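K.L.:
One structure, as structure tokens, below. Some questions next.
We did not get these values from a lab; they are worked out from the coordinates using the rules stated. This structure is a prediction, so every number in the text was calculated from the model and none was measured. Because the Cβ atoms are built from the backbone with ideal geometry, glycine has one as well, and the counts that use them run over all protein chains shown.
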Amino acid sequence: MPKPKKHVFVCVQNRPPGHPRGSCMQSGSAAVLEAFSKQFQARNLFEQFALSNTGCLGPCSGPHVLVYPEGVMYGQVKAEDVESIVEEHLLNDQPVERLMLPPEIW
Ligand code: FES
């Protein structure tokens, strides 16, 4: 596999209901991961970009998505935001500012 241009990590960490930190899975990250997967398939992106699910990334105000090599972290991502991340960030190198975590968190 050639080195990807960008690597998208979607947090799918789960914790029990009522856990003080919550979790991205409880916030709906499964739908976000599915939306990325559909976008990657529909646009045939797997040859240029990588998509991985991952455990906790730290902030836990998810769903969180982390994109490297820029190290941009998105928070409270919804399935309907995924097309913007793919279109603007992956394909046009313009991170989606409205979804980025503030610098004091990441
Ligand atoms: S549970 Fe997703 S960042 Fe912690």
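K.L.:
What list of whole percents do you get for P(r) of the chain, with Cα-Cα distances grouped in 10 Å bins up to the one holding the largest distance?
P.N.:
Cα pair-distance distribution for the chain, in percent: 16, 51, 28, 5, 0.
K.L.:
When the helix-only estimate is applied to the chain (DSSP H runs of n ≥ 4, each -39,500 (n - 2.57), divided by the residue count), what is the mean residue ellipticity at 222 nm, nearest 500 deg cm²/dmol?
P.N.:
Calculated at 222 nm, the ellipticity per residue is -4500 deg cm²/dmol.
K.L.:
Shifting gears a bit: Relative to a virtual label point 7 Å from the Cα of Tyr68 in the Cα→beta-carbon direction, which members of region 76-105 show backbone nitrogen distances below 18 Å?
P.N.:
90
K.L.:
In what order do Cys24, Cys56, Cys11 fall by count of nearby beta-carbon atoms within 10 Å, going from fewest to most?
P.N.:
Listed from fewest to most nearby Cβ atoms, that is Cys56, Cys11, Cys24.
K.L.:
Now a separate question. Order by neighbour count: Phe36, Phe9, fewest other Cβ atoms within 10 Å first, most last.
P.N.:
Fewest-to-most Cβ neighbours within 10 Å comes out as Phe9, Phe36.
K.L.:
At a Förster radius of 30 Å, what calculated FRET efficiency corresponds to the Cβ-Cβ distance of Ile105 and Lys38, to the nearest 0.05?
P.N.:
Taking R0 as 30 Å, the efficiency between Ile105 and Lys38 is 0.60.
K.L.:
Going by how many other beta carbons lie within 10 Å of each one, how would you line up His19, His89, fewest first?
P.N.:
Starting with the residue having the fewest Cβ neighbours, the order is His19, His89.
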